[in-house]
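Here is the structure we will look at.
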Amino acid sequence: MHRLPALIASLAVISFSTPAAAAVYRVGSGPGCTHASIQTAIGAAAVTTADDEIRLSATLAYSQQALLVDQVQGVLVLAGGYASCSDAVPLAGARTVIDGDGNSPVLRINATRTVALQRLDIQGGGTAGRGGGIYATGGDGAVLALSNTLVRGNQAYAGGGIAVLNSDANADPASMQLLLFGDSAVTSNSAVAGGGVQCIGATVHLFDSTHVSLNTATDYGGGIYALDCRLEIGSRGIGGAVLWANSAGGDGGGLYLYGARGDADIYTIDASMPARILGNSAARGGAIALARDAHLRLSETNLEDNTASVAGGAVLVEAATDASGDTRFTMQGSTDGAPAAAVRCADPESCNRMRGNRAIDGGFRKPGAAIVVASPVAHAAHAMFRGTRIDDSFGESLVRHGGDYGQVAFNGALIVDNNVGGALLDAPGAANSLVLTATTITYNAIGPGRGVIAGAGGCDPEDDVRGTYAQLDIVWQPENALIEPTSALRSGCFQYLVANDFGSLPPAAERVVADPLFRDAAAGDYRLSLGSIAVDFAPATAQTATRDGGPRVFDFTNLQDRFGPQDLGAYEFAPDLIFADGFEPVGN
């Protein structure tokens, strides 16, 4: 990951204040004004090598603007919110509107080291090229920082709100950065690709309460379209919503990320709530589409109420057509491997959740309400869910493997209350991989006569766990078979399970047909009662995840272990639950 903490901290200061010893130009009409237009003030700043600030007063209306900042040295601050040129302090909560001419970017920035925009409302830009609101190109450490600034109501071919392009296609993405601070937002813009933001070879970072929302792309990336970019979203957004109500006619309603250098983290910075990717829509990948070796990690993040009309209600993960790389999606209820600013949720059950996502078109169910993973070659497309709850989804299937070689793995996941017309987990073909570890699957509405799993009956642990592999799980779906095998069942691929059905698998002591005795399923509590056969059932596997972030393994010594001290499913029976079940602690 490309993180520059010292640089970001200094830019945060610049974004909210005037650089020390900066020359100050005042635009407007009346006492104290130095320039009658923004462009002439930019021209004055361009002839110096010092830091400069341009203050915009409310004594003028800034319409029909097509501004150019070209090769300005030092830091250039463009700040709005001032009532008059003589005011030293901006009005509280005020923003200055800069309205475009509808035929050009409102603000074009080229080869300028640092530009900070403060308290502006950039709107009305339009171009057949890039960046309807702002188009920034540069490299070698160039930065565009927005503080308490809106970019809205602009349109372009690419990057309706903002387009940021690294001039050196081979450079580190950190050498060209777009940073959003305060309550900045990129909202209600439109484009063919990247309705809100287009990023090529650069870094985009959202801080504080910033968000990307209500943008539209007719092709890919309704909110953000990123090619070979580093993306980091660590923001409170609005009630946690950081990418919301964006739409795309193609892939990736909220985010389309692709390319071998495409790398992203989305996480919460507020322990009281998750980051939320909410209400986005697309043909494929209603919230997110990853392609061609991009990597994305979601930490304590929710995917909620996203919709796809073709496939992948929430997520699409698609490999390249060759074996050159690996497209990878990870969703987790922890901050393992996340940036330093990421925090854990105080209530783990409220975070790391996929809820209410849909794959539907005109009343017809479509595949992969939660996710579609597609790969034509081996080892090239993966999705991992650690401790994730997936519920209230609607489609032909919850998970769908496209192509022949995709892998989807669940570890400590809870899959409940979903509604599908076919099999729940649809992984056709012997080379596709479905891995279920310490996962609970129950109370899902599955197509009549269909299985929980449709996929290979065998597995190959030596080859990226090809096929179907289930261990340490609870699958309680009394109306449905465990698996519709597309190949012969292999007993060793199904170990330490409690389920309602094992089909033609041979009897084994480690596979038990029994009601798992959830604590209160009607109230949504899928922890185990102490009397459950799934308590202290399996050998200890401490690295397996839990839904609530609790530890593995707790061995209740008053119970006889079946094969070991670990519980099956998404939860480990914890000491605090002993008292709730009316038992005294060991030794009393």
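The values are calculated or read from the model by the stated rules, or taken from the named source; none is laboratory data. Because the structure is a prediction, the values reported are computed rather than measured. Neighbour counts are summed over all protein chains in view; Cβ atoms, including those assigned to glycine, are modelled from backbone coordinates with ideal geometry. Surface areas here come from the heavy atoms of the whole protein model, side chains and all, with no ligands, DNA or RNA. Shrake-Rupley method; radii C 1.70, N 1.55, O 1.52, S 1.80 Å.
Details
- Per residue of the chain, the DSSP helices (runs of n ≥ 4 H) give a summed -39500 (n - 2.57) that works out to -1500 deg cm²/dmol at 222 nm.
- Phi angles of the stretch 532-539 translate, via the Karplus equation with coefficients 6.51, -1.76, 1.60 and θ = phi - 60°, into HN-Hα couplings of 5, 5, 7, 7, 6, 9, 10, x Hz per residue; Gly and Pro are given as x.
- Rh by Kirkwood over Cα pairs, then Stokes-Einstein D for the stretch 81-214 at 1.306 mPa s and 10 °C, µm²/s: 109 µm²/s
- Size of charge dipole - the stretch 405-509 - debye, nearest 20, with Cβ of Lys, Arg +1 and Asp, Glu -1, no other charges: 100 debye
- Dipole magnitude (debye, nearest 20) for the chain, charges at Cβ of Lys, Arg, Asp, Glu: 1320 debye
- Peptide packing: for 78-90, 258-270, the average count of neighbouring Cβ atoms within 10 Å per residue gives the ranking 258-270, 78-90, highest mean first.
- Normalised by residue count, the stretch 399-457 yields a Cα convex hull volume of 76 Å³ per residue.
- Ranked by the mean number of other Cβ atoms within 10 Å per residue, highest first, peptides 402-410, 513-521, 187-195 order as 187-195, 402-410, 513-521.
- Distant-in-sequence amide H partners of GLN566 (H built 1.01 Å from N, under 5 Å): PHE537, ALA538, ALA540
- The mean accessible area for residues of the chain, using a 1.4 Å probe and ignoring ligands and nucleic acids, is 34 Å² per residue.
- Local electrostatic count, ALA217, Cβ distance below 14 Å [Lys/Arg +1, Asp/Glu -1]: 0
- The Cα trace of the stretch 261-350 gives Rg and Dmax of 13.9, 43 Å, the first to one decimal, the second as a whole number.
- Counting only protein chain heavy atoms and rolling a 1.4 Å probe, the accessible areas of LEU68, LEU296, LEU489 rank, largest first, as LEU68, LEU489, LEU296.
- Farthest toward positive dipole pole in the stretch 79-122 [+1 Lys/Arg, -1 Asp/Glu at C-beta], among ILE122, SER84, THR112: THR112
- On Cα atoms only, tilt of 5-16 relative to the major axis of the chain in degrees: 50 degrees
- Considering only the chain, percent of DSSP beta bridges that pair antiparallel, nearest 5: 5 percent
- Cα extents for the stretch 432-588 along the principal axes, largest to smallest and rounded to whole angstrom: 52, 34, 28.
- One way to sum up the overall shape of the stretch 369-473 is the equivalent ellipsoid from its Cα gyration tensor, whose semi-axes run 20, 15, 12 Å, largest first.
- Phi to ³J(HN,Hα) by Karplus 6.51 cos²θ - 1.76 cosθ + 1.60 over the stretch 266-280, Hz, x for Gly, Pro: 10, 7, 8, 10, 10, 5, 7, 7, x, 5, 10, 10, 10, x, 8
- P(r) histogram, all alpha-carbon pairs of the stretch 195-243 included - 10 Å bins from 0, percent: 28, 52, 20, 0
- Between the listed residues THR327, PRO376, ILE277, the Cα displaced farthest toward the positive end of the dipole of the chain, a dipole computed from Cβ unit charges relative to the Cα centre, is found at ILE277.
- Sequence-distant residues sharing a close amide H with ARG466 (under 5 Å, placed H): ASP460
- Fraction of accessible area attributable to carbon and sulfur, the stretch 401-510 (%, probe 1.4 Å): 50 percent
- Here the stretch 16-163 is treated as an ellipsoid with the same Cα gyration tensor; its semi-axes, largest first and in whole Å, are 22, 18, 13.
- Put simply, when 236-246, 136-146, 214-224 are sorted by average Cβ atoms within 10 angstrom per residue, most first, you get 214-224, 236-246, 136-146.
- Total charge dipole magnitude, the stretch 506-556, about the Cα centre, Cβ charges on Lys, Arg, Asp, Glu only, Debye to nearest 20: 120 debye
- Couplings 3J(HN,Hα) for the stretch 179-192, derived from phi with the Karplus relation 6.51 cos²θ - 1.76 cosθ + 1.60 (θ = phi - 60°), are 10, 10, 10, x, 10, 5, 8, 10, 9, 6, 9, 9, 6, 6 Hz, where x marks Gly and Pro.
- Our summary gives the stretch 176-266 a relative contact order of 29 percent, counting only alpha carbon pairs under 8 angstrom and 6 or more residues apart.
- Taking amide H positions as modeled 1.01 Å from N, with prolines and chain starts lacking one, the residues under 5 Å from ARG276 and 5 or more places away or on another chain are ALA241, VAL242, LEU243, ASN302.
- Shown here are the Rg and Dmax of the Cα trace of the stretch 132-278, at 13.4, 41 Å.
- Rounded to the nearest 10 Å², the accessible area of CYS229 at probe 1.4 Å: 0 Å²
- Distance (nanometres) between label positions extended 7 Å along Cα→Cβ at GLU479 and GLN71: 7.1 nm
- Volume per residue that the Cα convex hull of the chain spans, once the total is divided by residue count, Å³: 148 Å³
- Accessible carbon and sulfur surface of the stretch 235-334 relative to its total accessible area, %, 1.4 Å: 52 percent
- Once the Cβ-Cβ distance of GLU510 and GLU462 is raised to the sixth power relative to R0 = 25 Å, the FRET efficiency obtained is 0.70.
- Carbon-plus-sulfur accessible fraction, the stretch 52-106 (probe radius 1.4 Å, protein heavy atoms only): 50%.
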